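To start, the structure under review is shown below, and the notes come after it.
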Amino acid sequence: MVRWIVAYVDRPRDRFAAGAAFWTAVTGTGLSARRGGDGEWATLLPEDGDACVKLQAVCDGGGAHVDLEVDDVRAEVARAVALGAAVAADHGDWAVLRSPEGRAFCLTPWKGAARRPPVFAATRLDQVCLDIAPGAYGEEVAFWAALTGWPPLNGSLPEFTVLRSPDMPVRLLLQRLGDGPGRTAHVDLACADPEAARVRHERHGAAFVARGRHWIVMRDPAGGVYCLTGRDPETGSLPG
């Protein structure tokens, strides 16, 4: 059973500091001390509530992934493998796995987190979007729904499926790509006013990339792409 979910913003090691400065500024959080053998992890610390966004320095590229916090890591690893996952690295009390498509995620022990942080500046980082190749989409939707126990819901467009739990601070959006390989991911922010959020993010060094139906694609100072979406920051739902 998933007890908590953490969105990881993955950014290149040589641009980690720029990414950390940006994401703490636009989410109204502080930055923890860096952890790991190479200082590759840090947590965005909210003023209230429990942390649900972290940063990871990676060797190449960048994107996003999720950590699922559970009561019994060993049991959940076995269950994930039975559902079609593969173990990529087993650290005993936590593990890195790959979904049937090959997407990395982690199973880690739950430490009691239960309170979602508040909305900041009419925005909330509340979604990880998994970009999936067309041929893998059905299997990935089934896998993530079974793994989390969250029912798949139709998104605003036919290529979207939403997985969410009212008790969790971050939800999953699965997007079927039109063509090309999948296995990319990015974070999304729910914004009461996406245009106002764009202006504020640009003041902190982000750049406009493109505009979608109800989202704005941005690039942060560390080179990572993310989206500002026109959803209610409290409920995560589209207006109307």
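The values are calculated or read from the model by the stated rules, or taken from the named source; none is laboratory data. Not measured: the values here are computed from a predicted model. Ideal geometry is used to build each Cβ from the backbone, glycine not excepted, and the neighbour counts take in all protein chains shown. Calculation scope for accessible area: heavy atoms of the full protein, side chains included, ligands and nucleic acids excluded. Shrake-Rupley method; radii C 1.70, N 1.55, O 1.52, S 1.80 Å.
Structure data summary
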quantity: Antiparallel content of DSSP bridges confined to the chain, in %, to 5; calculated: 70
quantity: Extension reserve of the Ser32-Val58 stretch, reckoned as 0.36 nm per residue once the Cα distance is removed; calculated: 7.6 nm
quantity: Length gained when the stretch Glu139-Ala18 is fully extended (0.36 nm per residue, less Cα-Cα span); calculated: 39.9 nm
quantity: Cα centroid separation - region 165-197 against region 23-78, whole Å; calculated: 17
quantity: Relative contact order (percent, whole number), region 111-240, Cα cutoff 8 Å, 6+ residue spacing; calculated: 26
quantity: Relative contact order [Cα under 8 Å, 6+ residues apart], region 48-146, whole percent; calculated: 31
quantity: The chain, accessible area per residue, ligands and nucleic acids excluded (1.4 Å, Å²); calculated: 44
quantity: Within the accessible area of the chain (1.4 Å probe), percent carbon and sulfur; calculated: 53
quantity: Cα Rg, Dmax, region 85-166, angstrom units; calculated: 14.9, 40
quantity: Loop-located trypsin sites (Lys or Arg not before Pro) in region 182-240 whose Cβ has at most 13 other Cβ within 10 Å (DSSP); calculated: Arg213
